[in-house]
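K.L.:
I have a structure I would like to understand better, so I am pasting it below and will then ask my questions one at a time.
What follows draws every value from the coordinates through simple rules; no lab data is involved. No experiment lies behind these values; they were computed from the predicted model shown. Using ideal geometry, Cβ is built from the backbone for each residue, glycine included, and neighbour counts are taken over all protein chains shown.
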Ligand SMILES: [Zn+2]
Ligand SMILES: [Zn+2]
């Protein structure tokens, strides 16, 4: 399986994972709407231990609606959102799919936080969805044992 590579808009940050993501999903939480310019964020979830980064990233820490402490990383030069990590899921790295070189690695398998989406949001009715933070083991949350 080839490595999964990506980087920011300006090219100052590049990254690589040694294995494919365990899951892809979309998130309509209020925080993601700021970061994704009004839409849901589209995320691929990888195991952190296979990540290599080159270039400088800056970190922003906040508390999510779920109550989890979030740590987001972005390019300080162009502002592209790259990664986020949650205190509830140590060892997993959430990556913005827009930053991947190959965005065809797979469609999202589910949608979370649909309850905070605006009324005009397009949410694929064919995907499993949850109005808030998914519980462990749900269709839209990878269990650690399901990760590659
Ligand atoms: Zn950049
Ligand atoms: Zn979100």
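K.L.:
Could you tell me what % of all Cα pairs in segment 27-79 have separations over 17 Å?
P.N.:
That tail contains 50 percent of the Cα-Cα pairs.
K.L.:
What's the FRET efficiency of residue 104 with residue 65 using the Cβ-Cβ distance as r and R₀ = 30 Å, to the nearest 0.05?
P.N.:
Efficiency for this residue pair is about 0.45.
K.L.:
Rg (Å, one decimal) plus Dmax (Å, integer) for the alpha carbons of the chain?
P.N.:
My reading of the Cα-based Rg and Dmax gives 14.4, 40 Å.
K.L.:
A further question on this structure: Once you put a point 7 Å from the Cα of residue 10 and another 7 Å from the Cα of residue 120, both along the Cβ direction, what distance in nm separates them?
P.N.:
Spacing of the two 7 Å Cα→Cβ label points: 3.1 nm.
K.L.:
With 19 Å as the cut-off, how large is the P(r) tail for segment 66-127, expressed as percent of Cα-Cα pairs?
P.N.:
Value for segment 66-127 (Cα pairs over 19 Å): 51 percent.
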